[in-house]
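Heads up: the structure comes next, in C-alpha cells.
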Amino acid sequence: GLTMGDVAVRAGVAKTTLYRRWPSKNELVIDAIASLFDQLEMVDRGSLQADMEGVVTQFADLLARPESQAGLRALFAEGNRDT
C-alpha cells in the first residue's frame, strides 16, 4: 500500500515535510487526484456535448494511469479503515 514514507522517499523530502502540508494520507491523495483536473485541456470541439465528452474522456484517461490507480486504491483502503 501507499505510505507517507514511500511518498517522502520518492519526493526526496522528509515525512515531516509532507505532514506539514497534508495532515493525513487521505488529504495527500485527494490533492493529488484533484491536481489531475489541472491537466485537462478545455478544447472547443464545436458543441457543449462534444466539449463535455472530451473532458470526461481525458479525465477517464488520467484516472487509468498507474499512478492514479495507486492513489485511488490508497484512498479507498484508508476509507475502509476509517469505517
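Taking 7 Å along the Cα-to-C-beta vector as the label spot, tell me the Phe76-Arg20 distance in nanometres, rounded to one decimal.
Calculated label separation equals 3.4 nm.
Calculate, axis by axis, the spread of Cα positions in the range 26-82 along the three principal axes, and write the results as whole Å, longest axis first.
Rounded to whole Å, the extents work out to 45, 19, 15 Å.
If I stretch the segment between Ala11 and Val56 completely, what's the gain in nm (0.36 nm per residue apart, minus their alpha carbon distance), one decimal?
Full-extension gain reported as 13.3 nm.
Could you give the angle, 0 to 90 degrees to the nearest 10, between helix 48-63's Cα long axis and the longest principal axis of the Cα atoms of the chain?
30 degrees
Each reported figure results from applying straightforward, stated rules to the coordinates on display, with no laboratory input. All values reported here derive from a predicted model rather than from experimental measurement. Note: ideal-geometry Cβ built from the backbone for every residue, glycine included; neighbour counts use all protein chains shown.
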